[in-house]
Amino acid sequence: MVPSRQSVGLWWGLLGVAAFSFTVPFTKVAVASLSPLFIGSGRAVVAAILAAFALALTRERLPRGTQWVRLAVVAAGVVVGFPLLTSFALTATPASHGAVVIALLPAATATVAVLRGRERPRLTFWLITSVGGLAAIGFASMQSGGFGQLHWADVLLLGAVVAAAIGYAEGGLLARVLGAWQTVSWALVLASPLMVVLAAVSVAQQPPSATPVQWLAFAYLGVVSMFLGFFAWYRGLAIGPMAQVSQIQLIQPVLSICWAGLLLGESLTWTTIIGGVAVILCAGAAVRVRLKPAPAQRADRHATKHLEPVKD
């Protein structure tokens with residue numbers, strides 16, 4: 001039986017989320033010795049080097065016209081904004097608490113996707129998404145002891161959520177034209193001059209010194225979280241529908257807290273398991289809701305199906 005296009009998109013999205021689920025725990029490992037500015041900028045430099053080699057080896061054509069502007073939006077969100085904001089936030093909050101705020105990302109991405117991509121989810125989708133978001137936040141809150149008073153780290157994490165949601169939605173749309181790995185690669189290259197300067201400043205301020213485990217965590221952030229993970233994630237968003245594929249992220253805080261428990265020794269109890277199952281069930285329900293595209297969107301797809309294919 002040949003899988004449907006929608007199920008293929010969901011599986012690509014799940015692979016990307018699995019890769020991203022290690023980001024918060026490994027960032028927490030790395031910030032124990034490395035400066036947050038070095039982690040946020042250095043991982044982007046590592047990924048940009050890989051991206052430049054990939055683009056050169058495959059001789060990809062340069063983006064054109066407004067595609068550069070759209071790539072700048074992607075770069076601002078997922079290359080600059082999210083890595084830097086989360087790195088600074090995790091110097092003052094546990095990895096499990098970081099998952100509390102990041103649990104808002106699926107709903108934020110779905111909202112931006114609807115506004116930017118002209119998708120029209122049914123009311124059932126929004127109800128399930130809201131329940132799933134509340135379940136994810138409630139689950140993560142129980143694990144981290146609750147929100148408590150708003151801390152500056154929470155403000156940074158909220159900013160990271162907004163930045164990532166915009167970068168994910170715009171990147172998913174652009175991947176339909178440029179291709180998934182090409183989109184993240186060009187975004188990394190475009191942001192590389194700024195990130196190289198920031199990395200140099202961080203090295204001058206605090207020369208990096210870390211244990212082998214911390215360097216391995218940093219390497220994962222640069223190679224997988226910042227580069228390879230986006231191959232799968234943007235591929236899934238490009239196949240879409242984006243609002244639906246984005247709900248796969250509901251399981252990311254569950255996975256992140258599980259990894260935090262296994263790798264960092266943070267609490268992992270039966271409450272975690274039960275709450276995690278509830279969140280996963282909500283994610284499963286959300287992705288099964290059929291989306292009704294806008295009439296204009298259906299017309300655009302019919303008119304441009306040969307002009308803007310989803311590239312591998």
Quiz prompt | Interchain or long-range residues, amide H under 5 Å from GLY179's placed H | solution = LYS311
Exercise. Can you tell me how much longer the chain between ARG61 and ILE49 gets when fully stretched, taken as 0.36 nm per residue apart minus their C-alpha distance, in nm with one decimal?
Key: 2.6 nm
Quiz item: Listing SER35, SER130 from the residue with the fewest other Cβ atoms within 10 Å to the one with the most, what is the order?
Solution: SER130, SER35
Practice problem: Please identify every one of the trypsin sites (Lys or Arg not before Pro) in segment 8-74 that sits in a loop by DSSP and has no more than 13 other beta carbons within 10 Å of its own beta carbon. | Solution: ARG59, ARG61, ARG64
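Taking neighbour counts of Cβ atoms within 10 Å as a proxy for exposure, in what order, fewest first, do ILE248, ILE257 appear?
Result, fewest neighbours first: ILE248, ILE257.
Just so you know, all these numbers are worked out from the coordinates, no wet-lab data involved. Note that this is a predicted model, so its numbers are computed, not measured. Every residue, glycine as well, gets a Cβ built from its backbone with ideal geometry; the counts of neighbours run over all protein chains shown.
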